[in-house]
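Taking it in order: structure first as structure tokens, then the write-up.
The values are calculated or read from the model by the stated rules, or taken from the named source; none is laboratory data. Predicted model only: the values in this text are computed from it and were never measured. Don't worry about glycine lacking a Cβ; one is built from the backbone with ideal geometry, like all the others, and counts go over all protein chains shown. We work out accessible area using only protein heavy atoms, side chains counted, and drop any ligands, DNA or RNA first. Shrake-Rupley method; radii C 1.70, N 1.55, O 1.52, S 1.80 Å.
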Amino acid sequence: MTVGPAVREPKRAPRRGIRSTRGERVFRAVNAVFLTAVVFVTLYPFVNIVARSLSDESYLIAGKVSLVPRGFDLTAYKLVMSDSMFWTNYRNTVVYTVVATFIAIVLTTCYAYVLSKPRLKGRGALVGIAVFTMFFSGGLIPNYVLITSLGMKNSIWAVVLPNAINVFNLLVMKAFFESLPVELEEAAAVDGLSTYGTLLRIVLPLSKAVIATMVLFYAVSYWNSWFTAFLYMDRQELFPVTVYLRNLLAGATGAQSAGGVADADAVQAAATLQAVTVVLTTLPILAVYPFIQRYFVSGVMLGAVKG
């Protein structure tokens with residue numbers, strides 16, 4: 001049997017990646033520079049505060065502290081942490097944040113779930129009432145009179161209840177609930193689940209991402225809040241730590257405006273204590289955020305994008 005000549009396969013040209021155009025390369029370079037600048041501008045104040053809190057007072061007075069601590073010194077930390085009122089206010093902040101976040105999540109979830117039902121009578125009016133409060137409020141004095149007349153002054157409820165529902169968070173959760181398949185709730189109804197059973201056993205387990213995002217939003221908001229407690233409380237042992245920090249800032253500002261050269265050391269000492277308090281106040285949020293970060297983007301996008 002005659003065997004013909006072997007047929008050679010043509011050589012395949014090596015695959016080459018898609019080359020970027022000049023405009024795309026310029027865009028990436030400009031984007032990288034811009035985002036790097038944004039990160040630097042965002043981190044610089046906090047890094048500076050940390051450096052100031054760890055630096056010796058003599059370097060602070062000389063203005064030699066920028067991003068790196070000079071003359072490592074923990075005296076200010078020892079002074080703040082030895083103040084019993086600081087820890088009392090810190091405990092208040094933790095309690096206020098936990099209780100307020102829990103109440104806010106319960107109320108926001110229930111309200112958003114109700115508003116997500118197209119067949120609900122008066123749904124448009126309820127949405128309108130919620131949106132109306134985004135642009136108009138009763139005013140500072142009427143709110144103060146209301147809280148005082150209800151007997152909530154100098155209590156945790158003055159901090160927790162007035163801002164229990166954030167309308168933006170409400171609308172995000174509403175959009176998320178609307179994106180869930182209707183068939184799930186119909187199947188749950190066929191199986192005999194009530195409205196509350198459907199919410200607790202079907203809807204909430206599917207809403208972990210958006211709930212975690214709302215927990216982060218509410219917790220950060222309540223943790224950083226100071227004006228509500230400053231307005232409705234007049235007993236120092238009830239203040240959150242943010243009011244403690246505010247009083248330090250007010251003391252430093254007052255000394256700086258009223259003092260001269262003789263008061264420079266006192267002003268700088270107050271500024272150092274301020275830096276230490278800022279660091280100690282921020283650390284818990286920075287410690288919690290990495291555990292919630294993976295839910296953050298998905299939760300917001302699930303509640304905001306309609307498929």
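When A229, A164 are screened for being part of a loop (DSSP other than H, G, I, E, B), open to solvent by less than 20 Å² (accessible area, probe 1.4 Å) and hydrophobic (A, V, I, L, M, F, W, C), only A164 passes.
Against the condition small (G, A, S), modelled with pLDDT under 90 and within 20 Å of R246 (Cβ to Cβ), how does A130 come out, does it pass?
So A130 fails the test.
Residues in region 34-55 that are free of Cβ contacts under 8 Å to residues at least 24 places away in the same chain, of a type in the set (A, V, I, L, M) and under 22 Å from S66 (Cβ atoms): A37, V38, V39, V41, L43, V47, A51, L54. Is at least one residue of region 57-75 surrounded by 14 or more Cβ atoms within 10 Å (Cβ to Cβ), at pLDDT 85 or above and not in a loop (DSSP other than H, G, I, E, B)? No, region 57-75 contains no residue that is surrounded by 14 or more Cβ atoms within 10 Å (Cβ to Cβ), at pLDDT 85 or above and not in a loop (DSSP other than H, G, I, E, B). Out of curiosity, is A255 over 15 Å from the mean Cα position of the chain (by Cα) and modelled with pLDDT under 80? It is true that A255 is over 15 Å from the mean Cα position of the chain (by Cα) and modelled with pLDDT under 80.
Summed over region 95-117, residues that are part of a loop (DSSP other than H, G, I, E, B) and free of Cβ contacts under 8 Å to residues at least 60 places away in the same chain total 1.
Residues that are among the charged types (D, E, K, R), out of contact with any helix residue (DSSP H, G or I) (no Cβ under 8 Å at 6 or more places or on another chain) and assigned to a helix (DSSP H, G or I) were ranked within region 179-203; the one that is least open to solvent (accessible area, probe 1.4 Å) is E186. If you check L120, L115 for being in contact with a helix residue (DSSP H, G or I) (Cβ under 9 Å, 6 or more places away or on another chain), farther than 30 Å from L238 by Cα and open to solvent by less than 20 Å² (accessible area, probe 1.4 Å), only one passes: L115. Please list, ordered by first then second residue, the pairs with beta carbon atoms under 8 Å, 6 or more apart or interchain, first in region 174-191 and aromatic (F, W, Y), second in a loop (DSSP other than H, G, I, E, B). What qualifies is F177/S116.
Would you confirm, using the coordinates I've provided, whether I103 is open to solvent by 40 Å² or more (accessible area, probe 1.4 Å), touching a helix residue (DSSP H, G or I) at 6+ places or on another chain (Cβ under 8 Å) and not acidic (D, E)? Criteria not met by I103.
Could you tell me whether any residue of region 83-98 is under 30 Å from G197 (Cα atoms), of a type outside the set (D, E) and open to solvent by 40 Å² or more (accessible area, probe 1.4 Å)?
yes
With respect to the stated conditions, L79 fails to be hydrophobic (A, V, I, L, M, F, W, C) and not in a helix (DSSP H, G or I).
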